[in-house]
Amino acid sequence: MGTNRDLAAVLESLRPAVGGTGLIGGDPQLCAQVLAVGGVAVSVTTGSGLSELLWSTTGASTRLEDLQYTLGQGPGPDVAVCCAPVLVPDLARSPADRWPALLPQVMALGIGAVFCFPLHVGSACLGTLTLQRAAPGPLADASMTDAWLVADALTAVLLEGGPQHEAFAVAAEGSDFYRAAVHQASGMVSVQAQISLTQALLRLRAHAFRHGRSVLLVAEDVVARRLHFRDDEIGPDTAAGEGTEGP
């Protein structure tokens, strides 16, 4: 666990930082060390209602965020809805039907515990701070307090981007962001299949899950026109091969 000086350094480093794949400055690895966890990740809800990964340690935390995004289930999506923390100190003891598609894959990553905190103003959830580690067990009281301090600081960073984090919501539609292809592909599938953006994202997720791929890779195929979704009688998630014309 880090010292009070380390925590102060983390809090001081959190500020809007345009460029790269996110808008948060600072060292996520130091943050994880201070909070005595294996990794951290911060995702924000964009103006289109999708989530965007802004800041994370490499490895399991990034993969966890990708799995939650692809499957549409997990502590992050739950927190985004309820705007309250979701703390799972032992994933192995979590009910199998809580996140049926997610749990086996997360545990296969070697993650034993997950702690997700809302970045919120009142009842409005702007994003999530997710902590994970291999060893099961609750967060120590000091780490819990520090995690809330980091979450509050991150919320302030989002609000610095503009009223109701508008700057972040708009920027997340740009091509520099981690999941920009998903935002673009959702729009293309919406036109191709004549469905809503929400339904389009569900089709991307279903296709990704069915083929054991991340939704980001599927989206990149759609954007490159290697994959084309259409509404026909074959099923709710059909695709034509390379060379198909589309938006």
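The values are calculated or read from the model by the stated rules, or taken from the named source; none is laboratory data. Everything quoted here is computed from the prediction, not taken from an experiment. No Cβ is skipped: glycine too gets one built from the backbone with ideal geometry, and neighbour counts run over all protein chains shown.
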Exercise. Mind checking which residues of region 67-77 are at pLDDT 90 or above and crowded, with 20+ Cβ neighbours inside 10 Å?
Worked result: 67, 68, 74, 75, 76, 77
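From 165, 228, 211, which residue is assigned by TED's automatic domain parsing to the domain that holds residue 77 and either more than 18 Å from residue 70 (Cα to Cα) or modelled with pLDDT of 85 or more (or both)? I'd like the intermediate steps shown before the answer.
Working: 228 fails: assigned by TED's automatic domain parsing to the domain that holds residue 77; 211 fails: assigned by TED's automatic domain parsing to the domain that holds residue 77.
Only one candidate passes the filter, namely 165.
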Problem set entry | Residue selected from region 168-178 under the condition surrounded by fewer than 23 Cβ atoms within 10 Å (Cβ to Cβ) and either within 17 Å of residue 206 (Cα to Cα) or in contact with a strand residue (DSSP E or B) (Cβ under 6 Å, 6 or more places away or on another chain) (or both), by the criterion modelled with the highest pLDDT | 178
Problem set entry | Options 119, 154: the member that is buried (at least 19 other Cβ atoms within 10 Å of the Cβ), farther than 15 Å from residue 7 by Cα and not aromatic (Phe, Trp, Tyr) | 119
Problem set entry | Verdict on residue 60 being closer than 21 Å to residue 215 by Cα, surrounded by 14 or more Cβ atoms within 10 Å (Cβ to Cβ) and small (Gly, Ala, Ser) | yes
